[in-house]
Every structure is written in C-alpha cells, then in structure tokens.
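K.L.:
One structure follows; several queries about it will come next.
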Amino acid sequence: MGTPTGRTVVVTDSTAMLPAEVAAERGIVVVPLQVVIGATVYDEGTPDGATPDLVAGALKEWTPVSTSRPAPAVLQAAYEQAARDGATAVLSLHLSGEMSGTFESAQLAARDSPIPVTVVDSRQVGVATGFAALTAADVLDAGGSVEEAAEAARLRAGSSSSLFYVDTLEYLRRGGRIGAAAALFGGALSVKPLLQIADGRVATLEKVRTSAKALSRLEELAVQAADGQQIDLCVAHLASPDRAAQLTERLGQRLADNLSDREIWFGELGAVLGAHVGPGMLAVCVSPRV
C-alpha cells in the first residue's frame with residue numbers, strides 16, 4: 001500500500017509490540033530487531049522469525065540467546081521506501097537508547113536519508129513505545145507538525161508506567177541489562193523482584209517474598225499508576241499465559257472506568273524482550289491517554 005503524498009511516516013521497531021494489523025491500518029512502518037539463538041539469526045515479528053515459544057524453550061535449555069539491533073542500512077532502506085511512496089518526512093521512534101543501539105542506528109541512517117528524519121528515543125521498552133508511536137500518528141493525522149508529533153510521543157512514553165515481574169533476575173544478568181549484584185541478591189534470598197523502566201533503564205521497584213505476593217502487588221501498582229486517568233493497558237507475558245490471563249481479568253474489572261470500553265491488549269512478549277527477561281515474566285503497561 002502506497003503512502004499518501006506529503007505525509008510524514010512513523011517508523012518504529014518490533015519491540016514496540018504493535019499488532020501487525022494495527023501498524024498496517026495506521027501506516028506505521030515496523031523495522032525488526034534480531035534474535036540470535038545458537039548460531040541462527042531470526043528477525044522478530046516476521047512469519048519465519050523468532051517466536052516467544054522458541055526463545056522461552058532455548059532459555060530453559062540454556063541454548064545461547066542474544067539480540068541484535070537493526071543495522072543502519074535496514075533503517076535507511078525503510079526511510080528510502082517511505083520517500084519512494086511519496087512521504088516527505090519520517091518520524092522514527094524507538095526503544096530506549098540505554099537498552100539498545102537501535103536509536104543510534106536510526107540516527108546514523110537519518111544522515112543519509114533522502115527525506116528529513118526526526119529520531120526520537122522513547123526512553124521506554126515494549127508497548128509503551130508502541131502507544132507513543134500511535135500517539136505520534138494521531139497528531140500527524142490531525143494535521144500536526146513533525147515536531148508536535150515527536151513531542152506528543154515523548155510525553156506519552158514519559159507518562160507510561162512499564163512494570164514487570166520476573167521469576168529470576170538471571171536472564172537480565174546474562175544479557176547485561178541489570179547488575180550482577182542485583183541478580184545475586186535476588187537469587188540468594190529467593191526474592192521475587194518487581195521491576196520498572198526508569199529513565200530508560202531497568203530498575204528495581206520492590207522486592208517481595210513469593211510469586212503470589214508479587215503478582216498481587218503488580219496489580220496494585222498498575223491500579224495506582226492509572227490514578228483516575230483514561231488509559232490504554234497492556235498485559236504481556238512469556239510462557240505464563242494462565243497467570244497473565246488472571247491478571248488481565250482482575251485489572252479489567254478494577255480499571256473499567258479508566259478504560260471506557262477500550263480493549264486490554266494481551267499477549268506474549270516479543271522475542272527480543274523475552275530473551276532478556278526469561279520464562280515466567282509478567283508485564284503491565286499503563287499508558288495515560290495524553
């Protein structure tokens with residue numbers, strides 16, 4: 001499908017967890033990150049790419065799993081395609097530069113783009129970046145400028161709360177996304193950590209003693225984050241569908257007024273993020289509608 005002439009195209013990456021049909025409907029271009037399992041490289045979010053089940057299985061079996069940012073050439077190709085389709089500008093919005101080199105790749109690609117590219121670091125991971133991309137598209141569709149769309153996306157990402165529970169900090173430690181001391185502390189005391197994204201990084205939020213208490217606390221923190229606002233809500237998991245479904249049902253009941261009949265996004269975490277958090281992980285994103 002061609003891009004309407006004169007339009008600014010929103011580009012994001014596969015960690016934003018935008019459903020393919022939503023991205024297509026809104027004209028948002030999604031560039032994949034890669035997952036490396038053993039010696040095989042997979043794109044995320046493509047028909048033949050890495051699936052969450054594949055990643056969870058490899059992690060459980062201690063098969064080496066790593067992730068890779070898209071090369072600048074891949075992003076540049078997306079910008080060039082947008083130009084060929086008639087776009088006059090690009091807004092390229094990506095996961096936190098503290099967690100991935102994707103933002104840097106976008107900056108490098110922007111230098112050689114045939115049309116102007118505004119690159120935004122969401123300072124978030126997961127669907128919080130996706131909600132920010134949708135907000136940028138809303139502003140552009142309403143006739144707003146690229147600068148206005150970028151600022152709205154930053155505000156949306158900054159106001160979103162990304163909260164998650166992991167069974168163990170081991171996978172974050174392996175991937176270098178959290179300090180070894182924190183991983184040792186969590187394992188040694190059988191602590192169940194609740195984490196958040198703070199200033200673009202994974203940060204410890206609270207530590208509780210059991211998974212049941214952790215899940216109950218995750219629910220309470222999500223309700224607190226909603227704080228009477230109109231929100232979009234997403235619950236994601238890796239190899240933990242039953243617990244995630246239970247959490248989704250309870251949040252749907254408690255936050256019905258905040259959702260105003262909007263559907264809670266629910267599903268398995270993408271392969272790239274899943275590679276860093278491991279099986280058993282539950283995440284909630286509470287994103288106020290700005």
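The values are calculated or read from the model by the stated rules, or taken from the named source; none is laboratory data. The model shown is predicted, which means the values in this text are computed figures rather than measured ones. Neighbour counts are summed over all protein chains in view; Cβ atoms, including those assigned to glycine, are modelled from backbone coordinates with ideal geometry.
K.L.:
Here are some residues: 153, 183. Which one is more than 18 Å from residue 282 (Cα to Cα) and either at pLDDT below 80 or not in a strand (DSSP E or B) (or both)? Write out each step before concluding.
P.N.:
On the way: 183 fails: more than 18 Å from residue 282 (Cα to Cα).
Going through 153, 183 in turn, just one is more than 18 Å from residue 282 (Cα to Cα) and either at pLDDT below 80 or not in a strand (DSSP E or B) (or both): 153.
K.L.:
Let me ask another. Residues that are within 16 Å of residue 276 (Cβ to Cβ) and not assigned by TED's automatic domain parsing to the domain that holds residue 282: which helices (runs of 4 or more DSSP H) entirely in the range 49-122 hold 3 or more of them? Spell out the reasoning first.
P.N.:
Values: elements: 52-60, 72-84, 102-111.
Where helices (runs of 4 or more DSSP H) fall fully within the range 49-122 and carry at least 3 residues being within 16 Å of residue 276 (Cβ to Cβ) and not assigned by TED's automatic domain parsing to the domain that holds residue 282, they are 52-60.
K.L.:
Here is a follow-up. Looking only at the range 247-264, decide whether some residue is among the hydroxyl-bearing types (Ser, Thr, Tyr), modelled with pLDDT under 95 and out of contact with any Cys (no Cβ under 9 Å at 6 or more places or on another chain).
P.N.:
Initial filter on the range 247-264 (among the hydroxyl-bearing types (Ser, Thr, Tyr)): 248, 260.
Then keep just the ones that are modelled with pLDDT under 95; that gives none.
Looking for residues that are among the hydroxyl-bearing types (Ser, Thr, Tyr), modelled with pLDDT under 95 and out of contact with any Cys (no Cβ under 9 Å at 6 or more places or on another chain), one finds none in the range 247-264, hence no.
K.L.:
Sticking with this one: Please name all residue pairs, on different chains or six or more residues apart, with Cβ atoms under 8 Å, provided the first residue is in the range 147-168 and is touching a residue at least 60 places away in the same chain (Cβ under 8 Å) and the second residue is among the acidic types (Asp, Glu).
P.N.:
Final answer for the pair search is 152/138.
K.L.:
Given the criteria charged (D, E, K, R), within 21 Å of residue 18 (Cα to Cα) and either surrounded by fewer than 23 Cβ atoms within 10 Å (Cβ to Cβ) or over 21 Å from the mean Cα position of the chain (by Cα) (or both), does residue 85 qualify? If you could, list the steps in order and put the result at the bottom.
P.N.:
Details: charged (D, E, K, R): yes; within 21 Å of residue 18 (Cα to Cα): no; either surrounded by fewer than 23 Cβ atoms within 10 Å (Cβ to Cβ) or over 21 Å from the mean Cα position of the chain (by Cα) (or both): yes.
The answer is no for residue 85.
K.L.:
Looking only at the range 186-204, which residues are at pLDDT 80 or above and farther than 19 Å from residue 127 by Cα?
P.N.:
Of the range 186-204, the ones at pLDDT 80 or above are 192-204.
Scanning the range 186-204 gives 192, 193, 204.
K.L.:
I've got another one for you. Report, by residue number, each residue of the range 156-180 that is buried (at least 22 other Cβ atoms within 10 Å of the Cβ), at pLDDT below 90 and not in a loop (DSSP other than H, G, I, E, B).
P.N.:
The answer is 171, 172.
K.L.:
Just to be sure, is residue 43 surrounded by 15 or more Cβ atoms within 10 Å (Cβ to Cβ) and either in contact with a Lys or Arg (Cβ under 8 Å, 6 or more places away or on another chain) or not in a helix (DSSP H, G or I) (or both)? Write out each step before concluding.
P.N.:
On the way: surrounded by 15 or more Cβ atoms within 10 Å (Cβ to Cβ): yes; either in contact with a Lys or Arg (Cβ under 8 Å, 6 or more places away or on another chain) or not in a helix (DSSP H, G or I) (or both): yes.
Yes; evaluated as a whole, the condition is true for this residue.
K.L.:
Among the listed residues 107, 76, identify the single one that is of a type in the set (S, T, N, Q) and free of Cβ contacts under 8 Å to residues at least 24 places away in the same chain.
P.N.:
Details: 76 fails: free of Cβ contacts under 8 Å to residues at least 24 places away in the same chain.
Within the list 107, 76, the selection yields 107.
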